[in-house]
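The values are calculated or read from the model by the stated rules, or taken from the named source; none is laboratory data. Model, not experiment: these values are computed from the prediction. Note that each Cβ is placed from the backbone with ideal geometry, even for glycine, and that neighbours are counted across all protein chains shown. The area values use the complete protein model at the heavy-atom level, side chains included, leaving out ligands, DNA and RNA. Shrake-Rupley method; radii C 1.70, N 1.55, O 1.52, S 1.80 Å.
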Amino acid sequence: MAAACHYPARLVISCSSSSTSAPPRRPLRVAVVGGGPAGASAAEALASAGAQAFLLERNPAGAKPCGGAIPLCMLDEFAIPRDLVDRRVTRMRVLSPSNLAADFSRALPPGAHIPMLRREVLDSFLRRRAAYAGATLVPGLVTSLSLPVDPSDPYLVHYISSDSGGPPSSSRSVLEVDAVVGADGANSRVAREVGAGDYSTAIAFQERIRLPGEAMAYYDDLAEMYVGGDVSPDFYGWVFPKCDHVAVGTGTVAAKPEIKKLQSGIRARAGGKIAGGRVIKVEAHPIPEHPRPRRVVGRVALVGDAAGYVTRCSGEGIYFAAKSGRLCGQAMADEWKLTGAVTEAGIRAGYLRRWDDEFLLTFRFLDLLQRVFYGGNAGREALVEMCADEYVQRRTFESYLHKRMVPGSPWGDLRLLWRTAATMVRCGVLGKEVERLRRLEQQAQVLPH
């Protein structure tokens, strides 16, 4: 069922102010490149503060391949209407290479759930709300930036117009702005134009599969994650429920040419649970593996995937995209109100410092988990065995649902440390056996019958 069209009351976004500051003679002008959660949130924050925000999106009708899970806190923090949520996941399973399952249902707090949305529905809503706040939506493909020579010079954003999100036309246009927000994804044109540096990217591949009624009922409130070298050498595969279908996909950095083989692996692991389904859409998209070397260059700031804000191990990015966009927009608007200018130092202080203070520890912790547990099937078996522990599940949900690192009890953490060590030793044997059996299976497939 299609989501309702919402034009809610304008979301109040607080910005700092000073009674002693003189207001600038004209509004701040900002080009926000990219209309996903990061760009739409940045444009809304800027427009709400009185800035002229131009939100450029090359394909408003498009949809990024994405699992679609968001933390529960995002519904209230970003005023997401409840009927945009397709499914409310209350059961989650993580399956090891040997198909041992850790069921997370026990530790979910009463009344809590993981909201599942379609990106095309969420992104469209956030763009409409940015426009309602006063942002100007510009369907078009950005082709280049002309950088300023002097600090007071504007940026020139060159783009090719498109008609309401259709294919680019021959109409070339230029925007003159004071600052630029790059929210244009892992292959960011804005990042390349300002020399923000390269980073490694993964590829996410996903099929949307419409299942028969009984099979779809099985996934009504259930999400599954599969780990193993057969589905990804460095990530996981997933089966996530959507409105009238499931999203089945995987991702990898190290084995991009093998992505279709890995997708066959996740379909095989899900097996009969998705049998009889019809593929209604196939999607692929790059996602970043870590933050870019430079996230602010001059008066240009990168947010969301363009900045590299996707967590390793879990692959989460929607909340971090929206949060970084809002923080960036607020920082630019605040500095303009106080000084009548936007500067690199001001963006770093108002945006990057706040972002790193709040989230840097989370990203480093998940990066560590990725390195420890995703290197081979032994580590993956250990990860799933750990996930069966109720203390681990409780800590995981408390941190994920509310987006804060929750301190644990000293005795609980000590017990977890000892159990982790024992699990890694025990699963080292199990993981090697699983890998040996998979090699034998592969050899049997190539032998003549």
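Could you name every one of the strands (runs of 3 or more DSSP E) located completely within the range 233-309 that has at least 3 residues being within 18 Å of Ala63 (Cβ to Cβ)? I'd like the intermediate steps shown before the answer.
On the way: elements: 246-252, 278-288, 300-302.
In the range 233-309, the matching strands (runs of 3 or more DSSP E) lie at 246-252, 278-288.
Pick from Ala378, Ala349, Ala331: which is among the hydrophobic types (A, V, I, L, M, F, W, C), outside the structural domain of Ala179 (by the TED database) and in a helix (DSSP H, G or I)?
On the way: Ala349 fails: outside the structural domain of Ala179 (by the TED database); Ala331 fails: outside the structural domain of Ala179 (by the TED database).
After applying the criteria, what remains is Ala378.
Within the range 381-402, can you find the residues that are touching a Gly at 6+ places or on another chain (Cβ under 8 Å) and either part of a loop (DSSP other than H, G, I, E, B) or in contact (Cβ under 8 Å) with a residue 60 or more places away in the chain (or both)?
Hit for the range 381-402 is Glu381, nothing else.
Tell me, please, whether a residue that is under 19 Å from Ala45 (Cβ atoms), crowded, with 24+ Cβ neighbours inside 10 Å and either at pLDDT 85 or above or aliphatic (A, V, I, L, M) (or both) can be found in the range 307-316.
yes
Residues of the range 73-114 being over 30 Å from Arg380 (Cβ atoms), surrounded by 14 or more Cβ atoms within 10 Å (Cβ to Cβ) and small (Gly, Ala, Ser), which ones?
Ala79
Going through Arg93, Arg106, Arg127, Arg88 one at a time, which residue ends up being over 30 Å from Met332 (Cα atoms), touching a helix residue (DSSP H, G or I) at 6+ places or on another chain (Cβ under 8 Å) and basic (Lys, Arg)?
Checking each option against the conditions leaves just Arg106.
Rundown of residues vs (1) outside the structural domain of Val149 (by the TED database); (2) farther than 19 Å from Phe363 by Cα; (3) modelled with pLDDT of 95 or more, yes/no style:
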{"residue": "Val231", "(1), (2), (3)": "yes, yes, yes"}
{"residue": "Thr252", "(1), (2), (3)": "yes, no, no"}
{"residue": "Pro257", "(1), (2), (3)": "yes, yes, no"}
{"residue": "Gly265", "(1), (2), (3)": "yes, yes, yes"}
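State the number of residues belonging to the range 31-63 that are charged (D, E, K, R) and open to solvent by less than 20 Å² (accessible area, probe 1.4 Å).
Residues that pass the stated criteria total 1.
Looking at Val177, Val194 in this structure, which one is out of contact with any helix residue (DSSP H, G or I) (no Cβ under 9 Å at 6 or more places or on another chain) and open to solvent by less than 10 Å² (accessible area, probe 1.4 Å)? Quick ask: steps written out before the conclusion?
Details: Val194 fails: open to solvent by less than 10 Å² (accessible area, probe 1.4 Å).
Of the residues listed, the single one that is out of contact with any helix residue (DSSP H, G or I) (no Cβ under 9 Å at 6 or more places or on another chain) and open to solvent by less than 10 Å² (accessible area, probe 1.4 Å) is Val177.
Somewhere in the range 397-408, is a residue polar (S, T, N, Q), modelled with pLDDT of 55 or more and surrounded by fewer than 19 Cβ atoms within 10 Å (Cβ to Cβ)?
Yes: the range 397-408 contains one or more residues that are polar (S, T, N, Q), modelled with pLDDT of 55 or more and surrounded by fewer than 19 Cβ atoms within 10 Å (Cβ to Cβ).
If Tyr199 meets every condition in (1) open to solvent by less than 40 Å² (accessible area, probe 1.4 Å); (2) in contact with a Ser or Thr (Cβ under 7 Å, 6 or more places away or on another chain); (3) at pLDDT below 95 apart from one, which number is that one?
Of everything listed in (1) open to solvent by less than 40 Å² (accessible area, probe 1.4 Å); (2) in contact with a Ser or Thr (Cβ under 7 Å, 6 or more places away or on another chain); (3) at pLDDT below 95, Tyr199 misses just condition (2).
For the range 149-184, enumerate the residues that are at pLDDT below 95 and closer than 20 Å to Tyr351 by Cβ.
Once the filter is applied, which keeps residues that are at pLDDT below 95 and closer than 20 Å to Tyr351 by Cβ, the range 149-184 yields only Pro151.
Give the residues of the range 202-214 that are open to solvent by less than 30 Å² (accessible area, probe 1.4 Å) and outside any strand (DSSP E or B), sorted by residue number.
Selection gives Leu211 alone.
Hey, among the residues in the range 269-288 that are charged (D, E, K, R) and over 13 Å from Val239 (Cα atoms), which one's surrounded by the fewest Cβ atoms within 10 Å (Cβ to Cβ)? Full working, then the answer.
Residues of the range 269-288 that are charged (D, E, K, R), as a first pass: 269, 273, 278, 281, 283.
Then drop every residue that is not over 13 Å from Val239 (Cα atoms), which leaves 278, 281, 283.
On the way: Arg278: 10, Lys281: 13, Glu283: 17.
Once the filter is applied, the top-ranked residue is Arg278.
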